[in-house]
1. Name every residue in the range 109-127 that is surrounded by fewer than 18 Cβ atoms within 10 Å (Cβ to Cβ), part of a helix (DSSP H, G or I) and modelled with pLDDT of 95 or more, in order of residue number.
2. Filter the range 179-196 down to residues that are surrounded by 18 or more Cβ atoms within 10 Å (Cβ to Cβ) and either more than 20 Å from the chain's Cα centre (by Cα) or more than 14 Å from ligand 2 (Cβ to nearest atom) (or both), then give me how many there are.
3. Give just the number: which of (1) touching a residue at least 12 places away in the same chain (Cβ under 8 Å); (2) farther than 20 Å from residue 139 by Cα; (3) away from ligand 2 (no atom under 16 Å from the Cβ) does residue 173 not satisfy?
4. Tell me, which helices (runs of 4 or more DSSP H) lie completely within the range 221-313 with 1 or more residues that are more than 13 Å from ligand 1 (Cβ to nearest atom) and more than 30 Å from residue 2 (Cβ to Cβ)?
5. Quick one: how many residues across the range 383-406 are more than 20 Å from residue 296 (Cα to Cα) and free of Cβ contacts under 8 Å to residues at least 12 places away in the same chain?
6. Exactly one of these conditions fails for residue 209: (1) under 16 Å from the mean Cα position of the chain (by Cα); (2) touching a residue at least 40 places away in the same chain (Cβ under 8 Å). Give me its number.
7. Which one is surrounded by the fewest Cβ atoms within 10 Å (Cβ to Cβ), of the residues in the range 366-403 that are part of a loop (DSSP other than H, G, I, E, B) and out of contact with any strand residue (DSSP E or B) (no Cβ under 8 Å at 6 or more places or on another chain)?
8. Hey, can you tell me all the residues within the range 211-220 that are away from ligand 1 (no atom under 13 Å from the Cβ) and within 26 Å of residue 242 (Cα to Cα)?
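The values are calculated or read from the model by the stated rules, or taken from the named source; none is laboratory data. As the structure is a prediction and not an experimental result, all values here were calculated from the model. Cβ sites come from the backbone with ideal geometry, for glycine too, and all protein chains shown count toward neighbours.
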Ligand code: AMP
Ligand code: GLY
């Protein structure tokens with residue numbers, strides 16, 4: 001089978017690493033990929049959002065399967081386009097990907113189907129949003145409706161901050177079209193947890209849990225980023241806890257999407273807040289998280305191709321899925337300045353010093369002759385797997401110590417309990 005992965009970050013490198021182990025795959029391609037992925041797959045310089053380019057390449061190269069990993073092409077309907085061209089694509093169609101690409105849609109779905117989530121209102125009118133913010137309880141959470149690289153959320157602790165956030169999004173177009181509609185919602189307290197799940201639209205099979213670290217600095221200080229590191233499992237959850245989440249959140253979400261005529265096939269991401277009142281949904285994503293994938297996929301023992309085929313053929317209920325009992329820690333090494341402005345093009349040193357049992361997933365990198373250079377905000381995700389989380393953390397940081405590039409920045413506290 002000839003498989004094309006769409007995307008070019010750390011998540012896609014982890015996917016390429018996993019698919020490379022599938023005996024059913026004869027050729028692996030990635031668009032656009034990066035320097036790390038290029039060691040495993042043939043990288044083609046087509047942007048993930050160039051739908052025409054990808055469909056054309058897939059047809060011309062007789063690609064059998066396409067895994068669409070990032071949010072933008074899913075929201076734009078790449079899966080639909082590939083299916084129309086007769087190519088099996090892994091990921092939700094556009095109608096189902098709306099659960100990520102419109103927070104207003106996701107919130108309304110949860111309200112309608114009684115899935116626990118923070119109370120909220122949706123606004124298209126700036127004056128009405130500002131008036132609501134004047135009397136809402138604080139902190140108030142202000143969210144841009146559309147995709148904003150994980151950065152379209154402001155936790156406003158004062159009225160002035162709430163006003164500023166609403167004006168930035170609705171009047172000053174800080175997130176472009178994505179912020180024309182805003183969701184204002186109440187603030188939830190508790191530890192956060194990510195649960196990724198495989199689903200064929202009817203059956204939902206949660207993966208091991210994970211935990212992202214969204215803020216740029218240690219101790220959850222600094223700006224929100226795409227994610228600075230992840231661990232898996234993300235929390236110790238007993239059988240009753242899993243059952244509760246399945247009954248209240250996972251299964252109702254899949255059933256709701258099907259009932260709305262938007263059956264979801266692929267990987268569904270549940271961003272949860274474990275409050276004293278039980279688990280609440282903070283957000284859905286229509287795909288693997290980044291960097292959660294870099295911590296979760298190394299714990300998956302089953303062939304990922306088999307699982308994706310079972311999803312496509314709607315027989316996920318019968319598909320064995322086996323997880324390692326070990327823990328994983330993935331530390332993101334970023335360009336100094338990220339998530340604001342940063343410089344790239346610096347040589348990355350020490351990659352060959354990393355112990356063989358650690359995984360260095362490339363995110364923003366490119367190769368120039370014999371040199372691997374930084375080429376993005378998040379540069380690498382360094383993952384270690386070990387029988388305990390503490391050892392996984394230590395191994396990941398030992399590997400990080402081997403690597404250096406100018407202006408590098410990483411958090412020292414990935415996986416530490418806060
Ligand atoms: P989102 O992009 O919706 O995941 O939001 C980004 C981050 O903002 C989340 O990971 C949470 O840390 C925080 N957040 C979002 N919504 C809420 C909420 N209702 N209460 C508390 N924190 C929130
Ligand atoms: N790590 C969060 C995300 O992928 O959206």
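1. Across the range 109-127, the qualifying residues are 111, 112.
2. The total comes to 7.
3. The one condition residue 173 does not meet is (1).
4. Output list reads 239-245, 251-259.
5. Going through the range 383-406 one residue at a time, the tally reaches 1.
6. Status for residue 209: all satisfied but (2).
7. Looking at residues that are part of a loop (DSSP other than H, G, I, E, B) and out of contact with any strand residue (DSSP E or B) (no Cβ under 8 Å at 6 or more places or on another chain), I get 369.
8. none
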